[in-house]
Amino acid sequence: MADPIRIPDDLKPVDGRFGSGPSKVRPEGVAALSRVATTFMGTSHRQRTVKDQVARLRAGIAQFFSAPDGYEVIISNGGTSAFWETAAFGLIRDKAQFAEFGEFGAKFAKAVRDAPFLAEPTVHKAPAGSAAYLTAEAGVDTYASVQNETSTGVAVPVQRVAGADPGALVLTDATSGGGSIDVDLTQTDVYYLAPQKAFGSDGGLWIALMSPAAIARAHEIKESGRYIPQFLDLVTAVEQSRLEQTYNTPALATVFLAAEQVDWMNAQGGLGWAAKRSAESAAAIYGWADRSEVASPFVTDPALRSHAVATIDFADSVDAAQLAKVLRANGIVDTEPYRKLGRNQLRIALYPTVDPADVEALTRCIDYVIHKS
Ligand SMILES: *Cc1c(COP(=O)(O)O)cnc(C)c1O
């Protein structure tokens, strides 16, 4: 067997984490957490010390996204997957419409299709690497799309549906797009995410910016008498969030790291800064792929290429799985593609936590490994 390929240290990124989620957590955040190891960790989530961190996180998120008047930051447990079930029980009145162009959009659509108390949803599908869009449809009370499909690296603008029934809600899965890609929140009623992606924290929470119309819908459905499991009760999540707490015990480290990260991102210049930094990383990786003889962006329409997560296809002469393995052995991790996509591909997170200079360095490392193979 040939010697394992050793990438020279001076080519390597400073930080080798390029995973799309869990993603790079800033060492400064972990250091800050360590400073509260005995005063915050292991203390009651019903007391001031923890509630202050929930409050810091909620206020920081509202500031970061320039939350319009009346929009509230709602937090609960279980990550985005739990939010999908919460929305099925607490936001969709009867009929939903989905734009589905990847695995994550498909999961929410399935949750709603399986709910016996809801009508069969309309699902507009597009093949991996392209985008599907919402269209006005009479009788639809809830529209759902994904800002950034993490499984394919396709990103679409967040937009209301022209001609939709009055009062219809728009729900946007911003789990990976939120924080990396610009958004105007007046274009959606619920912009929801989890903090292990662009917000460089850990998993286990969902965070939703909700419009007054969305909060009113949650009350309307609860008052209608529909059976709603306690853990998935959106009205309870709203009430608890207003008290700076969660319905059940949250992961305190996740709350703290997320609050720390949002403060950091706001101090750098907020969403404008973050979107610009992710765009810089995107220019580095897609520019390199366009110039490369063996690499090319998987998403053929440049307008759909995500600034949050890049997917790069390789020619048959390069074994991308082997490439990811060599990178991993050299401390550059989680460049593997989304498993179900099954392509000869690498997937690279471009979240604002990742330094664009490290993305540049990654491209040099890939060239080095291909050259040595
Ligand atoms: C990661 C991700 C999810 C799932 O988030 P969990 O917190 O693991 O449930 C959903 N949607 C998108 C777009 C994602 O990137």
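List the residue pairs whose Cβ atoms are under 9 Å apart, where the first residue sits in segment 100-112 and is under 21 Å from Ser20 (Cβ atoms) and free of Cβ contacts under 8 Å to residues at least 24 places away in the same chain, the second is part of a strand (DSSP E or B) and β-branched (Val, Ile, Thr), and the two are 6 or more positions apart or on different chains. Matching pairs, first to second residue: Ala106/Val123.
Figure legend. Inter-residue proximity from segment 215-236: first residues free of Cβ contacts under 8 Å to residues at least 60 places away in the same chain, second residues of a type in the set (A, V, I, L, M, F, W, C) and surrounded by 14 or more Cβ atoms within 10 Å (Cβ to Cβ), beta-carbon distance below 7 Å, spacing 6+ or different chains. Indicated pairs: His219/Val235. Being away from the ligand (no atom under 16 Å from the Cβ) and more than 23 Å from Ala131 (Cβ to Cβ) is a description that does not apply to Ala303. Against the test of being touching a helix residue (DSSP H, G or I) at 6+ places or on another chain (Cβ under 9 Å), within 16 Å of the ligand (Cβ to nearest atom) and at pLDDT 95 or above, the options Tyr227, Tyr192, Tyr247 yield a single qualifying residue, Tyr192. One residue stands out among those in segment 84-105 that are surrounded by fewer than 19 Cβ atoms within 10 Å (Cβ to Cβ) and within 19 Å of the chain's Cα centre (by Cα): the one that is farthest from the ligand (Cβ to nearest atom), which is Glu85. Tell me, yes or no, whether segment 147-170 has at least one residue that is within 11 Å of the ligand (Cβ to nearest atom), touching a helix residue (DSSP H, G or I) at 6+ places or on another chain (Cβ under 8 Å) and among the aliphatic types (A, V, I, L, M). Yes, segment 147-170 has at least one match. Would segment 333-344 turn up any residue that is among the small types (Gly, Ala, Ser) and at pLDDT 95 or above? Taking every residue of segment 333-344 in turn, none turns out to be among the small types (Gly, Ala, Ser) and at pLDDT 95 or above.
For first residues located in segment 135-150 and farther than 19 Å from Leu91 by Cβ, partners that are in a strand (DSSP E or B) and not small (Gly, Ala, Ser) and lie 6+ apart or on another chain with Cβ distances below 8 Å form the pairs Thr135/Gln97; Thr135/His124; Asn148/Val154; Asn148/Ile181; Asn148/Val309; Thr150/Val309. The helices (runs of 4 or more DSSP H) falling completely within segment 22-96 that include 3 or more residues that are at pLDDT 95 or above and of a type in the set (Val, Ile, Thr) map to 48-64.
The combined condition, being more than 21 Å from Thr142 (Cβ to Cβ), in contact (Cβ under 8 Å) with a residue 40 or more places away in the chain and within 16 Å of the ligand (Cβ to nearest atom), is not fulfilled by Val262. The listed residues are Ser20, Ser81, and the only one of them that is within 16 Å of the ligand (Cβ to nearest atom) and not assigned by TED's automatic domain parsing to the domain that holds Ala237 turns out to be Ser20.
On the given criteria, is Val238 β-branched (Val, Ile, Thr) and touching a Lys or Arg at 6+ places or on another chain (Cβ under 9 Å)? Walk me through how you get there before you give the answer.
On the way: β-branched (Val, Ile, Thr): yes; touching a Lys or Arg at 6+ places or on another chain (Cβ under 9 Å): no.
Considered against the rule, which asks whether it is β-branched (Val, Ile, Thr) and touching a Lys or Arg at 6+ places or on another chain (Cβ under 9 Å), Val238 comes out as no.
Across segment 234-278, what is the total count of residues that are among the small types (Gly, Ala, Ser) and in contact with a Ser or Thr (Cβ under 9 Å, 6 or more places away or on another chain)? Qualifying residue count, segment 234-278: 9.
The values are calculated or read from the model by the stated rules, or taken from the named source; none is laboratory data. What you are looking at is a predicted structure, and each value in this text was computed from that prediction instead of being measured. When we count neighbours, we look across all protein chains shown, and the Cβ atoms used for this are built from the backbone with ideal geometry, even at glycine.
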